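**Student:** Below is a structure I'd like to ask you about.
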Amino acid sequence: MVKVFRAFVFVLILIIILLLFIQYLFGSLFKYKDVPLPVEVHPEVRAKTEQLITSLEDKGITILITDDYRSLHEQDELYAKGRNEEGQIVTHAKGGESYHNYGLAVDFALVTKGGEVVWDMTYDGNGNGQADWDEVVAEAKKLGFEWGGDWQHFKDYPHLQYDFGLSINELQRGKRPPEEE
C-alpha cells in the first residue's frame, strides 16, 4: 500500500512539474512579439469603409460611421453601461476584447433624407422597397466585412468588422494584420 501511495505522489508531482513547465513555456510558445496597440483605424479598414460609403451613396443611401477605433479605456466605459453605470448593456466586450480596440471595426447608422441619424432597420430612404439597413449590410459583406447581426449570442446590428482572419486571442497576444494587403 505504501508503494502505491508513493507512486501516486510521484506521478502527481510529475504532473504538477509538467503543468508548471507548460505554463512557463506558454508565453514564449504562443505569444507573438510585443507590439503596441493601434491608436487608429487600420488603413485597409478605413479604405474599405470609404468604399462602402461611396457605393451606398450611388444607391441613394447615406450612412454615418458612429464609432471606429476605440481605446481600451473607452471600451471599459462602454462595458460599464448597464452594469456599474446607468443605461442598457451595449457590449459584452471589455477593453482588449473588441475588434474596435485594434482598429478593425466600425459602427454605423443611417442618415435620413432630412439629415436625421437613425438606427431604424426598416427605413427605406431610397424607396426601392428594400430596407436600407439590409442594403448596407449586403454591400459591406461584398467588401469582406463581417456583420455583428449574424452573431449567435449578442446581436450587434450596427457593427461591421474586417478582422483579417485574426481572432481576438491572437490580437491580444500581439499578432497584427499587415499594414497593406
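No lab work stands behind these numbers, since they all come straight from the coordinates. Model, not experiment: these values are computed from the prediction. No Cβ is skipped: glycine too gets one built from the backbone with ideal geometry, and neighbour counts run over all protein chains shown.
**Student:** Mind checking which helices in the chain clear 27 Å along their axis (Cα) and have mean Kyte-Doolittle hydropathy of 0.5 or more, DSSP H runs only?
**Tutor:** Helices passing the filter in the chain: 2-30.
**Student:** List the lysines whose Cα lies under 24 Å from the Cα of Lys94, skipping any in the same chain that are fewer than 8 positions away.
**Tutor:** Cα-Cα hits under 24 Å: Lys31, Lys33, Lys81, Lys155, Lys175.
**Student:** Can you tell me the order of 82-90, 128-136 when each peptide is scored by its average per-residue count of other Cβ atoms within 10 angstrom, highest first?
**Tutor:** Order by mean packing, descending: 128-136, 82-90.
**Student:** Also: Between Thr122, Thr112, Thr54, find the one with the highest GNM mean-square fluctuation for the chain; connect C-alpha pairs within less than 10 Å.
**Tutor:** Comparing Thr122, Thr112, Thr54 in the GNM, the peak value goes to Thr122.
**Student:** May I pose another question? Is it possible to state the helix-based mean residue ellipticity at 222 nm for the chain, with each DSSP H run of 4+ residues giving -39500 (n - 2.57), the sum divided by total residues, to the nearest 500 deg cm²/dmol? What is it?
**Tutor:** -12500 deg cm²/dmol
**Student:** Would you please give the residues with an amide H less than 5 Å from that of Thr62, counting only those at least 5 places away or on a separate chain, with H modeled from the backbone geometry?
**Tutor:** Val111
**Student:** Could you work out the equivalent-ellipsoid semi-axes for the chain, taking the square root of 5 times each eigenvalue of the Cα gyration tensor, largest first, in whole Å?
**Tutor:** 45, 19, 15
**Student:** Let me ask another. Please work out how much length the chain gains when fully extended from Val117 to Lys141, using 0.36 nm per residue of separation minus the C-alpha to C-alpha distance, in nm with one decimal.
**Tutor:** 6.4 nm
**Student:** Sticking with this structure for a sec: Restricting to the chain, compute how many DSSP beta bridges are antiparallel as a %, nearest 5.
**Tutor:** Once the DSSP bridges in the chain are tallied, antiparallel ones form about 90 percent.
**Student:** Given a Förster distance of 25 Å, report the FRET efficiency between Lys59 and Glu179 from their Cβ-Cβ distance, rounded to the nearest 0.05.
**Tutor:** Between Lys59 and Glu179 the formula returns 0.25.
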